[in-house]
Amino acid sequence: MKRVYVNEEWCLGCRLCEYNCAFANSGMTDMVKALKGKPIFPRVRVDGDRDIHFAVSCRHCRDPLCVKSCICGALYRKDGRVRVDRDRCVGCLTCVLVCPYGALTLSERGTVQKCELCLENACGEPACVLGCPNRAIVYEER
Amino acid sequence: MGIDYIYPEFEVIRNESRCVTCQVCQRQCANEVHRYDPDLGRMLSDETKCVGCHRCVSLCPTHALKIVKNDCAFRENANWQTGAIKEIYKQASSGGVLLSSMGSPAPLSVYWDKLLLNASQVTNPSIDPLREPMETRVYLGKKPGLVDRDDKGNLTYALEPQLELSMPVMFSAMSYGSISYNAHKSLAMAAQKLGIFYNTGEGGLHEDFYCYGGNTIVQVASGRFGVYKDYLDAGAAVEIKMGQGAKPGIGGHLPGAKIVGDVSRTRMIPEGSDAISPAPHHDIYSIEDLRQLVYSLKEATEYKKPVIVKVAAVHNIAAIASGVARSGADIIAIDGFRGGTGAAPTRIRDNVGIPIELALAAVDQRLREEGIRSQVSLVVGGSIRSASDVVKAVALGADACYIATGALLALGCHLCRTCHTGRCNWGIATQRPDLVKRLNPEVGCQRLVNLLTAWNHEIKELMGGMGINSIEALRGNRLMLRGVGLTETELRILGVAHAGE
């Protein structure tokens, strides 16, 4: 399965991926309309300090702790991807607590959100990868 | 002090209705032009620091930025133009020599643009390179004057060492130190992929790049930085740099601040010491002296590698090239006055040297007249901007071209001409680790390969149009060129007829 991998050696910490992610998942066709004047809720986050940065998003674990811990069956694994059913999520945040990568976050509507590889939105493939200026995140089979 | 104030060269125009305050511009500007103000909730900019490198413009996700030339004007004056006035102010305040980077922006004649190529019509067929074989491979080095065979038809002499190029273009000398590790790596990888050569420049060869040796030309310049046996052995050819088109007659000075870590190790000089390349080679004061160095290098490399002598295009270039050809050099590289540099005194860059087109034509003509043209290959550089420049150079008599500014543009350079500040936002002309990492060599290599692959297609198209299927058949074929808007003297030196003739 193709996954998003991080080449932290090339990450500039520009955080374009966060904005591209928020836009791709906004359901809107214009970035300005989608993001201007609002707090953003990206599913990928650039972590690190001055010297080293890397973009963290869901690893789509083979044996995901988040799915095991979900109390309401909102998180599930399908075709290798870990997905979230927003209508089932009750916002208990147990998954946020157990994820070793910090890849789950709270969305603006109070439910949990995570990277689903942009396969459901208009982008069709990970927007963070498409917009990365230095190939610091790649979407490939390994 | 107010009296020293020079109005900023550029204006940063931010379309507030598009800016989403993502702060990418702030994070990407090493000159610290952009700043987010949390109280105002918007981005502010300090235009005095902007160099017009367009890093922010390129990465702004909503295309909210543009950098425009500032129109704050002095009273119009054809003699005292804005640039001249500002330079006086700068020198009056600093007392220093003005420094510049990259090639001269002065509006002097570009002869490539006044030369037109021929194409076949009716009486001779043009060739479609997509359907028929087309040869752009060239060999650089001494060629035998005549072909001599024994009874069995075998050649009776050993061919001198040659460089084989898949197309008549190479990456010109840029030292590790003046450009970054990742820029060097991109060039090395691309040269290997393309089957051409890149040039180390005078800063030595980083230990990580010895594996690209088969596609490397190692340079020996007046500073002799990083030169030792293994270095000479690593390259496919050795280049003696006598001069550089951007700054003929003067040396180089890489400030101690840039001589850190690997740069210091590769140059083999102590950390923090200034790397000073003297203006002349202190052991070369004549063609005979040059011959000694050429043969010392040939001796050191067991006569297995061609030796290139690089000179800047200056007034007596034809006589100089004739001398160089007789010094035993296998290849002469000539660098025209529009060639780039990491730093040069502005006055030298903009006023010394001659255009490469005229130098090339004069040298090719002189070497033919003296019957020594086949003893050397000619490589020309100094602002070769496109495939058609390459084709015109070959038709004027060049065996191959050197490109450097073009290659840097492919790597992301936006020609802001502030390399000497060491804050290159594109990760090219800098040694700051956080900036160097902005150039991923995988990406850089791919872009260079793309560029030259495209050029090679274009070279073949242009050759095909002229009914020529081998670049060798185009070399020195000035009948394929016509001049437009040139004087009798210019046409005579270029050795081409005027359009319509």
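Brief remarks follow.
- Some residue of segment B:108-119 being among the polar types (S, T, N, Q), outside the structural domain of B:His206 (by TED's automatic domain parsing) and at negative phi: yes
- Whichever residue in segment B:15-64 is out of contact with any strand residue (DSSP E or B) (no Cβ under 8 Å at 6 or more places or on another chain) and exposed (fewer than 15 other Cβ atoms within 10 Å of the Cβ) and, among such residues, is farthest from the other protein chains (Cβ to nearest Cβ): B:Thr48
- Of the strands (runs of 3 or more DSSP E) entirely within segment B:117-203, those holding at least 1 residues that are among the aromatic types (Phe, Trp, Tyr) occupy B:138-140, B:169-171.
- B:Tyr231 outside any loop (DSSP other than H, G, I, E, B), among the aromatic types (Phe, Trp, Tyr) and within 18 Å of B:Phe197 (Cβ to Cβ): yes
- Exactly one residue among B:Leu360, B:Leu415, B:Leu378 is surrounded by fewer than 24 Cβ atoms within 10 Å (Cβ to Cβ), at pLDDT 95 or above and over 15 Å from B:Leu187 (Cα atoms), and that residue is B:Leu415.
- Residue in segment B:445-463 that is outside any helix (DSSP H, G or I) and not charged (D, E, K, R) present: no
- Selection status of B:Ile354, within 30 Å of B:Lys90 (Cβ to Cβ) and modelled with pLDDT of 95 or more: yes
- B:Val68 falls short on exactly one of the conditions (1) touching a residue at least 40 places away in the same chain (Cβ under 8 Å); (2) closer than 27 Å to A:Ala22 by Cα; (3) not in a loop (DSSP other than H, G, I, E, B), and that condition is (2).
- Residue match in segment B:396-407 (condition: of a type in the set (Asp, Glu) and not in a helix (DSSP H, G or I)): yes
- So B:Ala246, is it part of a loop (DSSP other than H, G, I, E, B), in contact (Cβ under 8 Å) with a residue 40 or more places away in the chain and either in contact with a helix residue (DSSP H, G or I) (Cβ under 7 Å, 6 or more places away or on another chain) or not β-branched (Val, Ile, Thr) (or both): yes
- Number of residues in segment A:86-111 that are of a type in the set (S, T, N, Q) and either touching a residue at least 40 places away in the same chain (Cβ under 8 Å) or surrounded by fewer than 15 Cβ atoms within 10 Å (Cβ to Cβ) (or both): the value is 2.
- Listed by position, the strands (runs of 3 or more DSSP E) inside segment A:1-85 whose residues that are more than 9 Å from chain B (Cβ to nearest Cβ) and free of Cβ contacts under 8 Å to residues at least 60 places away in the same chain number at least 3 are A:45-48, A:75-78, A:81-84.
- Flag for A:Gly73 being loosely packed, with under 13 Cβ neighbours inside 10 Å, over 29 Å from B:Arg438 (Cα atoms) and in the same structural domain as A:Glu140 (by TED's automatic domain parsing): no
- Condition check for B:Cys29 on (1) out of contact with any helix residue (DSSP H, G or I) (no Cβ under 9 Å at 6 or more places or on another chain); (2) over 23 Å from B:Ala106 (Cβ atoms): one failure, at (1).
The values are calculated or read from the model by the stated rules, or taken from the named source; none is laboratory data. Computed from a predicted structure; not experimentally measured. Note that we place each Cβ from the backbone using ideal geometry, even for glycine, and neighbour counts take in every protein chain shown.
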